[in-house]
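Encoded as structure tokens, the structure appears first; notes follow it.
The values are calculated or read from the model by the stated rules, or taken from the named source; none is laboratory data. Since the model is a prediction, treat every value here as computed from it, not as a measurement. Quick reminder, even Gly has a Cβ in these numbers, built from the backbone with ideal geometry, and neighbours come from all protein chains shown. Surface areas here come from the heavy atoms of the whole protein model, side chains and all, with no ligands, DNA or RNA. Shrake-Rupley method; radii C 1.70, N 1.55, O 1.52, S 1.80 Å.
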There are 4 protein chains.
Amino acid sequence: MRRKYSRNSGSARRGERILKKETIERIRKFSADRNWEQYHSPANLAKSIAIEAGELLECYQWSEEADPEHVRQELADVIVYCRNMLDALGLDEDEIVNAKMNQNEKEYPVEKSYGNNRKYTEL
Amino acid sequence: MRRKYSRNSGSARRGERILKKETIERIRKFSADRNWEQYHSPANLAKSIAIEAGELLECYQWSEEADPEHVRQELADVIVYCRNMLDALGLDEDEIVNAKMNQNEKEYPVEKSYGNNRKYTEL
Amino acid sequence: MRRKYSRNSGSARRGERILKKETIERIRKFSADRNWEQYHSPANLAKSIAIEAGELLECYQWSEEADPEHVRQELADVIVYCRNMLDALGLDEDEIVNAKMNQNEKEYPVEKSYGNNRKYTEL
Amino acid sequence: MRRKYSRNSGSARRGERILKKETIERIRKFSADRNWEQYHSPANLAKSIAIEAGELLECYQWSEEADPEHVRQELADVIVYCRNMLDALGLDEDEIVNAKMNQNEKEYPVEKSYGNNRKYTEL
């Protein structure tokens, strides 16, 4: 039987729960050990992220409920390819995310966006 | 004119270049301030990741070359929705990625995978 | 205001409502006139289908309801790129769809699949 | 060994090679026989198209070359879900494609688009 995800709350969400340095090195070593960096062009990694995003979406194809273990695996796959792409492009995750958040905060001012999900072009 | 991405090398890739705690809190505050967590069901976030992955892919639709700034924005969007989904499900990024890497390392033994990109089902 | 899609029924669904020969020629002429067939490698068209599928999905990002006109446009984009890909590969739409339906009918026998949406690997 | 797709030419492309009426009825009967129309909300079908588009893209994940049989199957899956979505929304394929081609022809005038793949917003 499939268990329903419930939104978690409280302390569980307060942790940063972020990748450790060793994990980032583990991801890099995994590709290096297999001589796979040759395949990791940015374009191939963009395809890979889209492919894994499709597999994550498949968990929810017919229902709002999904198998939690399957979801964890597919979300991890998306994250690993995002790390590969950051590395392939020499990007700093924190820098590009903050640059995007600057833009998001401008495009979605609180007073216009509160409690609605309209796109910024429709605000 | 569009600049071509070249794979970066050396020291640039050695940094962890990972999200800071403040950035994770910034992502959470952005949604909370707009009362948007109501829309962040796991299924909606899986859709959102797929949608942004499609926009990232669009940067490479007709060419291996892409506009670097556009790529950074779209990759950041994928990462932000991944963070939203981790939060919505109460997941620890480091934990799920390491669990998946355990699996990857078993499915892709170095001696069988070195220098080829066959799927584990075809090894 | 956004209208909700309701499933249509009866006679509206009974028509074949399929592309006319002239429309298929129009799609081909559109690319030929612009000298765009050079970009239509199967791999680029696979990306294009995924990109447009993401835009179609965006119509439903936060809701089961969508803007009907926007949906029609995005679904048409997916269909046009499917036609481009059939042409690029020299495939007969009717032939490949029937071959796949043969497979679907074997993998999903009515007695096991009636009223449930489990994947054939879980039947 | 994987065969490389070559663009086909000449007479093979001149046929319409389009779904027959019986094939469209076969697709409808397949769902009806299994009582699956209950799952075919437009939003679920938009997800399904994106999922199958990801599987089609996977054929080209690391290479411009792909297994032809695999490509045919995945492209057929995209097409079948497009047919399901047309039916769920009561749309006429020919009508929505022609409406989109009207728009495409306006946004991409031959004199500005000939031999380049810039988006209409950049023309």
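Taking the conditions (1) hydrophobic (A, V, I, L, M, F, W, C); (2) free of Cβ contacts under 8 Å to residues at least 12 places away in the same chain; (3) over 21 Å from D:Ser63 (Cα atoms) in turn, B:Ile49 satisfies each one other than (2).
Checking every residue in the range D:20-40 against the condition of being buried (at least 18 other Cβ atoms within 10 Å of the Cβ), within 20 Å of C:Asn84 (Cα to Cα) and either at the interface with chain A (Cβ under 10 Å from one of its Cβ atoms) or without any contact (Cβ under 8 Å) to a residue 12 or more places away in the chain (or both) gives zero matches. Quick one: count up the residues across the range C:53-73 that are open to solvent by 20 Å² or more (accessible area, probe 1.4 Å) and either closer than 9 Å to D:Ala46 by Cα or of a type in the set (D, E, K, R) (or both). Total satisfying the criteria: 7.
Filter the range C:79-92 for residues that are charged (D, E, K, R) and open to solvent by less than 30 Å² (accessible area, probe 1.4 Å) and give the result.
Across the range C:79-92, the qualifying residues are C:Arg83, C:Asp87.
All conditions but one from (1) open to solvent by 60 Å² or more (accessible area, probe 1.4 Å); (2) at pLDDT below 95 apply to D:Glu95; the one that does not is (2). The lone criterion from (1) surrounded by 23 or more Cβ atoms within 10 Å (Cβ to Cβ); (2) touching a Leu at 6+ places or on another chain (Cβ under 7 Å) left unmet by B:Ala76 is number (2). Return the residues of the range A:106-115 that are loosely packed, with under 14 Cβ neighbours inside 10 Å and not aliphatic (A, V, I, L, M); say none if nothing qualifies. Residues satisfying the conditions are A:Lys106, A:Glu107, A:Pro109, A:Glu111, A:Lys112, A:Tyr114, A:Gly115.
Conditions tested, residue by residue: (1) within 16 Å of C:Met85 (Cβ to Cβ); (2) away from chain A (no Cβ under 14 Å).
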| position | (1), (2) |
| --- | --- |
| D:Glu52 | yes, no |
| D:Ala66 | yes, no |
| D:Val71 | yes, yes |
| D:Gln103 | no, yes |
| D:Tyr108 | no, yes |
| D:Arg118 | no, yes |
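Counted as qualifying within the range C:1-74 are the helices (runs of 4 or more DSSP H) with 2 or more residues that are at pLDDT 95 or above and within 25 Å of D:Pro68 (Cβ to Cβ), namely C:21-33, C:42-58.
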